[in-house]
Amino acid sequence: MDKFTKEIQYDNAAIIQQASHYIDPYRILAEYIDNSIDAAEIYYDKNSYSRNIEISVIKTHSTHDGFKIIIQDNCSGMEINSSEPFTIFRSVKRQDQKTNGMFGFGMFSFFAICNKIQVSTIRENSDTKYSFEITTDTFNKPDNEKPTFEISESSAPENSQSGTIFTLSDFNPDTIESINFEELRTEIEKHFELILNREGISLTLKDGKNSAVKCIPFEYSKYSSETYVKVISALEKTHSKKKKTIKEIDISDNPVKIFLIASADTEFNRYPFFVYKGRRVTEISKIEQFRTVKKFQIWSRSNITGYIDITGVLEPTPNRKEFKNTELSKAFFQTLLTYEDDIIKQFDSHSKFDTSETLKDLETKINHALKDFNYDSTSKSSTGEDRDEMRTYKYKGYKIRQRNSNQILTPGNKTQKTLVRNKKERLRNTIYEITLPGGKEDLHQNKNSLTLKIDSLNDPHKDISKKPLRSIIRENTVYIFAKHPEFQSRVGKTSKSSIVITDRLENYIAMEYITQYLGRINPEFRDSYMEFVKAVLSVEEKFKELL
Amino acid sequence: MIKKEIEVEDLSKEKSTEIVEEINNLNSQKGQQTLNLKLHSTIGDLENAMAIIELIHGSENVDLAINVSGEINEAGTILTAAGKPGERVASQFASFTLNESPYPEGSKEKDLNISDKNIFETLTQLTGKKKLILECIINGKAIDTNQARKLKIIDRVEKFKSKYRKRNSRTKKAEPVIKAT
């Protein structure tokens, strides 16, 4: 048999394509902020920095040609080693438990939004300043030519502090419009929440001529709420299903911290999320590996917020949408399920809802009318594409032996042994998967089974900015607050003791129900639905004056 | 042990939700639980059946017992096959559909369309009867309880017993055995 060697070559421009995986421009800017935070780790100890860390993101207000975003810090600077090549996808920070960088690609994420990055850095305790730039031309080279870039070395000005400045320029025109610094602030405050809580670090955003805005972490203590704090230092994993034995895994070196709060009358609408090395990974309810049936009871409940710090136990994938499948990850998700009842027990006693039956007749009639309601929103998804998404189902079956038809069985052939019937009972212990269309909605999250309840006892719950809400959704019930001024203005005046349904009230209830209904199907548009209804109500008010 | 029973005619999303909720409810209780599904001329979508199967097969303490009567479609057939071996019973006149439109004679596994291929693979893995399942899908005819038993879709057939029918008292006497001394 002849053998020959085939060379594998990596296309020089592949890195530019690779960057297109970054869809969210804020995620890209967060990568550079993340680099700054990593470079500040050497000053961090016991929840505070030994020197004041200042990171700022500046957007220049000018024409397309001059549009720039600058990320600068006063951290420890980049380590530039002239004798070693720059290796993409190999991060020196990977083994460092304190820093977040691990994939060695973040610096090149800018290719998704612009064509040029200029870097200027001064290392801690060094009087040398290094500057370089990388553009798309750096990589658009023939495959036989290795990509290179020039680094300028000069003396740092006297008394200059260490730090790095990243300047992104030559933006794609579409991206310029899509970068809104108010949204960037929200994203940063969410993404770096735990980092911003540390003492001695400030992150400011400056949008052109406007004054700088400081990013502030979410203040859990500001809300009167019930707190659930738990430290998990051992995980449990099924060792043998047959023998019903459990294996315990010690994680006391990197314990998992659960921190959740639930408010009785505030709807945070910021669902609990996973935190890895101080950075937000994703919402807990969005992780498919976590197979919970209590999503709406805990993880997508609008009055519960908080985080679970899984540093050292789970490892996020590069897209930060899920975690790598490991024995620890399986054990962790299995263990987390066991805490759910405990969380519900603690938070349910803290909920404020009208459970009286004062308006039972009215509610029964409304719910009866809603029983046959089946808004066909499933034909189109939120993005307008067919909602024919695929879902994979797992089940257990018998191991199927693949027979090789070319095999000739002779008395001396060992494979003949496989034909001997095994007397032992066959067990369905092989896990198979089947992928079918149209399974995006989980059955236990059926949106069509929402019922309606009118809360005439409590004051309306408030949103995070203390504005009263017209309605909220809790598990499978839509609560409409009768004490909300908008509701009160639509109640019939003929009776003092009971609610009289007017056309306007009917319309109001219908709009609130559908807002919550659609908000559950498309959570990303939830605020838009609420805003739309608010606008309709104010126009309706004007019409009332006219008529 | 708790045994819950749900009747299923249309395996719709609503019905599946009801079943899923019951499984979750049983799951949260201590000890071994059994959910008994009475499938009667069941129709419905495969994904609804798979959602139930996934939950049952992922549960450590809930088993699925099946009672079948009438004509059962593909989703119902798969749901039946996925039940706990030994706990899948059908009434004598039940029938199971694996595929409604037959394939030309001599068709092979590779000729199956995607939906039939899904049914073929799932049923094969649930029953271990690859060759027979393929034959039935290619034939495109509903199968009776005897065939379903051979295919390991069910374990037992409950025969119809007329209360007016007299028990046969004639029993054959065993021939005396003469041992050579």
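Before moving on, here are some points about what is shown:
- Test: residue in the range B:124-140 that is polar (S, T, N, Q), out of contact with any helix residue (DSSP H, G or I) (no Cβ under 7 Å at 6 or more places or on another chain) and more than 12 Å from every other protein chain (Cβ to nearest Cβ): yes
- Taken over the range A:330-383, the criterion of being surrounded by 12 or more Cβ atoms within 10 Å (Cβ to Cβ) and at pLDDT below 70 is satisfied by A:350, A:351, A:352, A:373, A:374, A:377, A:378, A:381, A:382.
- Flag if residue A:250 is without any contact (Cβ under 8 Å) to a residue 40 or more places away in the chain and either under 26 Å from the mean Cα position of the chain (by Cα) or loosely packed, with under 15 Cβ neighbours inside 10 Å (or both): yes
- Filtered residues of the range A:300-336 (kept if closer than 20 Å to residue A:250 by Cα and not in a helix (DSSP H, G or I)): A:308, A:309, A:310, A:311, A:312, A:313, A:314, A:315, A:323, A:324, A:325, A:326
- Looking only at the range B:11-41, and only at residues there that are closer than 25 Å to residue B:71 by Cα and basic (Lys, Arg), the one that is farthest from the other protein chains (Cβ to nearest Cβ): B:38
- Close pairs from the range B:53-65: first more than 10 Å from chain A (Cβ to nearest Cβ), partner basic (Lys, Arg) and surrounded by fewer than 18 Cβ atoms within 10 Å (Cβ to Cβ), Cβ under 9 Å, at least 6 apart: B:63/B:84; B:64/B:84; B:65/B:3; B:65/B:84
- Number of residues in the range B:151-178 that are under 30 Å from residue B:98 (Cβ atoms) and either modelled with pLDDT under 65 or loosely packed, with under 10 Cβ neighbours inside 10 Å (or both) equals 3.
- Some residue of the range A:299-312 being in contact with a helix residue (DSSP H, G or I) (Cβ under 8 Å, 6 or more places away or on another chain), surrounded by fewer than 19 Cβ atoms within 10 Å (Cβ to Cβ) and not assigned by TED's automatic domain parsing to the domain that holds residue A:56: no
- Of all the listed residues (A:186, A:128, A:148, A:164), the sole one being in contact with an Asp or Glu (Cβ under 8 Å, 6 or more places away or on another chain), surrounded by fewer than 16 Cβ atoms within 10 Å (Cβ to Cβ) and either at pLDDT below 90 or not charged (D, E, K, R) (or both) is A:128.
- Residue count for the range B:27-44 under the criterion of being buried (at least 19 other Cβ atoms within 10 Å of the Cβ) and more than 12 Å from the chain's Cα centre (by Cα): the result is 3.
- In the range A:151-180, the residues that are out of contact with any His (no Cβ under 7 Å at 6 or more places or on another chain), closer than 21 Å to residue A:70 by Cβ and outside any strand (DSSP E or B): A:156, A:157, A:160, A:161, A:162, A:172, A:174, A:175, A:177, A:178, A:179, A:180
- Selection of the range B:94-108 for residues being at pLDDT below 90 and either surrounded by fewer than 12 Cβ atoms within 10 Å (Cβ to Cβ) or within 23 Å of the chain's Cα centre (by Cα) (or both) yields B:99, B:100, B:101, B:102, B:104, B:105, B:106, B:108.
- Checklist (1) under 11 Å from the mean Cα position of the chain (by Cα); (2) under 28 Å from residue B:25 (Cβ atoms) applied to residue B:127, failing item: (2)
- Just one of (1) surrounded by fewer than 21 Cβ atoms within 10 Å (Cβ to Cβ); (2) at the interface with another protein chain (Cβ under 10 Å from one of its Cβ atoms); (3) hydrophobic (A, V, I, L, M, F, W, C) fails for residue B:50. It is (1).
- Flag for residue A:237 being within 28 Å of residue A:298 (Cα to Cα), of a type outside the set (Asp, Glu), part of a strand (DSSP E or B) and within 14 Å of chain B (Cβ to nearest Cβ): yes
The values are calculated or read from the model by the stated rules, or taken from the named source; none is laboratory data. Predicted model only: the values in this text are computed from it and were never measured. Cβ sites come from the backbone with ideal geometry, for glycine too, and all protein chains shown count toward neighbours.
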